Every structure is written in C-alpha cells, then in structure tokens.
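Here is the structure we will look at.
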Amino acid sequence: MVVDVYGDAIRDQALARLRAGMSTNQVSRELGVSRAAIASWRQRTYQGQPPCPAPATPSPDYAALFGFYLGDGCISRMSRTFAMRVACDARLPGIIDDVAARFRAVHPDRPVFFVPAAGVITVQNSWKHWPCLFPQHGPGRKHERELGMADWQWAVVQQHPADFLRGLFHSDGCRVNNWATRMVAGHRKRYDYPRWQFTNHSAEIMSWCCDALDLVDVPWRRSSWKTVSVSTRAGVARLDELIGPKA
C-alpha cells in the first residue's frame with residue numbers, strides 16, 4: 001500500500017498532467033512525486049469512473065473560457081467536485097453573459113450561478129472535470145508558479161485565436177483613448193487615438209497573448225514587463241472586429 005503524503009493539491013496537479021498527455025516519469029520529475037504515488041492515484045481515479053473529457057473539443061467556447069480563466073478565473077476544490085469561478089466587473093453585463101454562455105456550452109449538464117460581491121459578479125459552475133480541462137489549476141497565484149500549456153490546448157488556441165483573445169482582453173484587458181498634441185499651421189491641435197492593453201503578471205500568459213495576436217496578424221508591443229499594447233490604428237480596428245467591445 002502506498003501512503004499518500006502529498007495532499008490533494010499535488011494529487012490533482014498530477015492527475016491533470018496525466019490527462020493532458022504527460023507520462024508518469026514526466027509528472028514525477030516535474031512535481032517531485034514518486035512514481036508509485038502517481039500510479040496509485042491513477043488507479044484509484046479511473047476505477048469505475050467515467051474518463052475525463054480532456055482533450056477538449058476544439059471549440060470557440062472552450063478557447064474563450066480558457067482566456068477568461070487565465071485572466072480572472074480560478075478552480076477551487078469542493079467536497080465532492082470542483083468549482084470554476086470567473087470574477088467579472090458588475091458594470092459590464094455583456095461580459096457576465098458571455099462568460100455564462102461559455103460555461104453552458106462547455107458544460108451544459110450543470111447550472112451556472114451568479115455570486116454578487118462589492119463591484120463584482122462571480123460566474124460559477126461545478127464539475128469534477130474542470131482540472132482536466134484546465135491543467136493550469138494548482139495552489140497559489142498563477143504568476144507565482146509554472147503553468148504550462150498542453151499541446152491539445154495550443155491546438156484549440158490555434159484554431160480559435162480570436163475567442164482566446166476575447167477571453168484574455170475582456171478579463172485582464174482594457175480599451176483606452178490616448179491623446180497627443182502637435183502644431184499644425186501654427187495652431188496646437190489635439191489628436192485622440194484608441195489603444196488596447198492587456199496586463200498580467202504571469203510571463204507565460206503574456207507570451208500566450210502575444211502568440212495569439214501573431215496568429216491573427218495584430219501588431220503589438222510590450223509597453224512594460226506586464227503590459228502588451230495594441231496601438232496602431234489598423235491593429236486596434238482589427239482587434240475591435242475580432243473580440244468586440246468590452247461592455
């Protein structure tokens with residue numbers, strides 16, 4: 001008998017990585033867990049239980065929900081299942097409805113709940129397979145640990161980059177209007193121009209955002225270590241067309 005000394009969080013991470021296609025040896029090296037413990041968890045998990053649905057169907061709904069999860073989402077263990085939550089600005093009902101619709105499309109078998117708090121509406125759905133579909137789940141803040149994107153997740157992003165960007169920019173992004181002045185024929189004239197910005201403290205998530213922008217030919221630049229900006233007139237118009245207004 002293998003004694004489980006690692007705890008639920010490490011076990012869930014290991015099982016999520018196995019379902020994402022990693023081998024027992026790879027999981028053991030990455031998490032510092034014995035192969036015997038991983039084998040025991042795998043055996044107990046799959047005996048008499050339906051298989052995990054990951055890799056997910058490469059749908060635009062999953063791609064968008066992936067972006068929302070990376071921006072303002074989390075997965076929490078409950079007594080017999082997992083709750084996936086996405087925190088939304090209460091002033092933006094369109095985004096709240098969008099997140100709820102993505103939840104219903106990816107997991108139509110359970111209801112979506114709306115939990116109000118000060119200035120926030122948290123959209124929530126419960127399912128035991130959320131860690132399978134989002135192997136980035138783990139203890140601690142996303143920017144303080146390694147996330148890794150599974151190959152099947154990248155395939156989804158490649159097929160639906162606009163939806164992935166919609167989730168990212170509609171959670172951790174904003175559309176702002178900047179302005180500048182210049183002298184024209186002896187008179188100072190003001191020019192206003194829009195800009196999309198995505199801000200996140202995770203280097204991995206920032207990189208994935210840039211990769212997705214490249215897939216849709218939207219020019220970008222790094223304004224800072226935590227901010228990606230889309231500021232050319234053509235780039236902003238293209239991103240407006242792809243992801244819609246944040247409202």
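What ranking of Val230, Val115 comes out by heavy-atom accessible area, probe 1.4 Å, highest first?
Heavy-atom accessible area, descending, gives Val115, Val230.
Rg/Rh for the range 121-169 to two decimals, with Rh computed the Kirkwood way over all alpha-carbon pairs.
Details: Rg = 12.5 Å, Rh = 12.7 Å.
Across the range 121-169, the Cα-based Rg/Rh ratio is 0.98.
Could you grab the relative contact order for the chain? Cα pairs under 8 Å, six or more apart, rounded to a whole percent.
Relative contact order comes out at 19 percent.
P(r) for the range 182-231: what percent of alpha-carbon pairs falls in each 10 Å bin, starting at zero?
Pair shares across the bins are 23, 40, 17, 16, 5.
Using square roots of five times the C-alpha gyration tensor eigenvalues, list the equivalent-ellipsoid semi-axes of the range 76-200 in whole Å, biggest first. Don't jump to the answer; show the numbers that get you there.
Values: eigenvalues 270, 67, 40 Å².
Taking √(5λ) for each Cα gyration eigenvalue gives 37, 18, 14 Å.
Could you calculate, for the range 149-247, the ratio of the Cα radius of gyration to the Kirkwood radius, expressed as Rg to Rh?
A ratio of 1.07.
Check the straight Cα-Cα distances from Lys142 and name the lysines below 24 Å, setting aside those fewer than 8 residues away within the same chain.
Lys128, Lys226, Lys246
Can you list which of the DSSP-assigned H helices in the chain have a Cα extent of 15 Å or more along the long axis and an average Kyte-Doolittle score of at least -1.0?
Values: long enough: 8-19 (16 Å, -0.54); 35-46 (17 Å, -0.90); 60-72 (18 Å, 0.37); 93-106 (20 Å, 0.54); 161-172 (16 Å, -0.21); 203-215 (18 Å, 0.80); 233-243 (16 Å, 0.32).
Both cut-offs are met by 8-19, 35-46, 60-72, 93-106, 161-172, 203-215, 233-243.
Can you compute the radius of gyration and Dmax for the range 69-150, using only the Cα atoms, both in Å?
12.7, 35
Determine the share of the chain's accessible area contributed by carbon and sulfur atoms, expressed in whole percent, with a 1.4 angstrom probe.
Carbon and sulfur atoms account for 52 percent of the accessible area of the chain.
Measuring from label point to label point, each 7 Å out along Cα→Cβ, what is the Val115 to Ala237 span in nm?
Reported label-point gap for Val115 and Ala237 is 4.4 nm.
Please compute the alpha carbon radius of gyration of the chain, then divide it by the globular-protein estimate 2.2 N^0.38 Å. Two decimals is fine.
1.15
Could you compute how much accessible surface His137 exposes when probed at 1.4 Å, giving the result in Å² to the nearest 10?
30 Å²
Computed FRET efficiency, Cβ-Cβ of Ala90 and Trp152, R0 41 Å: what is it to the nearest 0.05?
Computed FRET efficiency for Ala90 and Trp152 comes out at 0.75.
For labels at Asp192 and Lys226 in the simple 7 Å Cα→Cβ model, what's the distance in nm?
2.9 nm
Per residue, how large is the accessible surface of the chain? Use a 1.4 angstrom probe and give square angstrom.
Accessible area per residue, the chain: 51 Å².
Students sometimes get this wrong: rank Tyr69, Tyr193 by accessible area, probe 1.4 Å, all chains present, largest first.
Details: Tyr69 5, Tyr193 70 Å².
The residues order as Tyr193, Tyr69, largest area first.
The values are calculated or read from the model by the stated rules, or taken from the named source; none is laboratory data. Note that the structure is a prediction, hence the values are computed from the model and not measured. Reconstructed Cβ throughout: ideal geometry from the backbone, glycine too, with neighbour counts over all protein chains shown. Note: areas computed on protein heavy atoms with side chains; ligands, DNA, RNA excluded. Shrake-Rupley method; radii C 1.70, N 1.55, O 1.52, S 1.80 Å.
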